[in-house]
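One structure is given below, encoded as structure tokens.
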Amino acid sequence: MSEKRKHARHQCNLRAKFRYFEIDDDKVYFLDEEEGKKGKGTILDISRSGLLITTNSKLSINIPLIVTFKFKRDAHKIKGRVVRTGFWENNPSEIAKKFLSFSNSADIYIAVQFEQLIDQFEDGDL
């Protein structure tokens, strides 16, 4: 399987909180950090365009969310959407096997694509 990411991945171990918004055909949800359902987890991998988080919150693909975390000594609130999700134990990919031992007892992975690129950063910033 070829690498699809355009930006370098950076392995990390950052605590994160997120708010997510279930999609309903009859209602449009605007992302607001004070609304939505709460979740938390650990970011295992981040790039300028997205991240991989391990959690026990089960979300669906295309769910909009706001992820809050700290790095570079600053708090970040980033809007995005779920592009992949599933249970670690059911994922046959090499990346899942790599992160399975680091999943911090969480059962689920969520890959998030950011609405906008975040600023350039280096491994030392994490």
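Here, each number is a calculation from the coordinates, and none is a lab measurement. As the structure is a prediction and not an experimental result, all values here were calculated from the model. As a convention, Cβ positions derive from the backbone with ideal geometry for all residues, glycine included, and neighbour counts pool all protein chains shown.
Under a 5 Å amide H to amide H cut-off, with H placed in plane at 1.01 Å, what residues pair with Lys40 once short-range neighbours are removed?
Phe18, Asn56, Ser57
Cut-off is 10 Å between beta-carbons; in what order do Ile61, Ile53 appear when sorted fewest neighbours first?
Ile61, Ile53
Ile110: net charge of surrounding residues, Cβ under 10 Å, Lys/Arg +1, Asp/Glu -1, itself excluded?
On the way: positive: Lys58, Arg84; negative: none.
Neighbourhood net charge equals +2.
Mind sorting Leu117, Leu52 by how few other Cβ atoms lie within 10 Å of their own Cβ, fewest first?
Final ranking by Cβ density, sparse to dense: Leu117, Leu52.
For every other residue with a beta carbon closer than 15 angstrom to the beta carbon of Ile61, add +1 if it is Lys or Arg and -1 if Asp or Glu, then tell me the sum.
Working: positive: Lys58, Arg81, Arg84; negative: Glu22.
Around Ile61, the surrounding residues sum to +2.
Cut-off is 10 Å between beta-carbons; in what order do Lys38, Lys17 appear when sorted fewest neighbours first?
Details: Lys38 9, Lys17 14.
Least crowded to most crowded, the residues run Lys38, Lys17.
With θ set to phi - 60° and the Karplus curve 6.51 cos²θ - 1.76 cosθ + 1.60, what are the ³J(HN,Hα) couplings of the stretch 48-60 in order, to the nearest whole Hz, using x for Gly and Pro?
Result, ordered by residue: 5, 10, x, 8, 10, 10, 9, 7, 10, 8, 8, 10, 9 Hz.
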